[in-house]
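Working notes for the structure below.
Read-outs throughout are calculated quantities, based only on the coordinates presented, and are distinct from any laboratory measurement. Note that the coordinates shown come from a computational prediction; the quantities given were computed from them, not determined experimentally. Neighbour counts are summed over all protein chains in view; Cβ atoms, including those assigned to glycine, are modelled from backbone coordinates with ideal geometry.
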Amino acid sequence: MESFKQVEEQSDAIRLVPGPWSHDAEYWLGRVDQDATLADLKRQSEAGLCQVVYVERGGAVAGAVLLRIDVTSSGPQGVMVAAAGALELMPVCMPYLEKMFQGVSSIRIHTARPGLVRKLTAMGYKPTEMVLRKEVVNG
């Protein structure tokens, strides 16, 4: 597992702190609207495949992000697997979350929220794929 450095933004009293899976991770990441279940996210974290980063504001946890680094043909790619927290913190946190990734050539974000896509596009991110899923019964 790659390591992620702690980043602190004093002016907004925001701290991004890597840590182990906890009740705070379950609380925040349990709110994420995506294909992976909370159990899936926890399993990835506990297996060392992802790193939980807690967003702290004023000494309290105000969100959580799950990060990993994938190896791709164009080099290491940072991945924001899941994130949830106080929405107004997103514009403040994104530059610091980006700085946490060390030695990556790009960053990929998974989301099912069109509003977040618009905000991230304004921050320089570009949609690169659509993922579709259909439940089927075989047998």
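Quick rundown of the values:
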item	result
Selected residue [on the phi < 0 side of the Ramachandran plot and either touching a residue at least 60 places away in the same chain (Cβ under 8 Å) or more than 13 Å from the chain's Cα centre (by Cα) (or both)] from Gln34, Gln51	Gln34
Residue count for the range 94-139, restricted to those that are touching an Asp or Glu at 6+ places or on another chain (Cβ under 9 Å) and assigned to a strand (DSSP E or B)	2
Residue in the range 40-59 that is closer than 19 Å to Thr128 by Cβ and either of a type outside the set (Val, Ile, Thr) or surrounded by 15 or more Cβ atoms within 10 Å (Cβ to Cβ) (or both) present	no
Condition check for Leu67: under 28 Å from Arg133 (Cα atoms) and surrounded by fewer than 17 Cβ atoms within 10 Å (Cβ to Cβ)	no
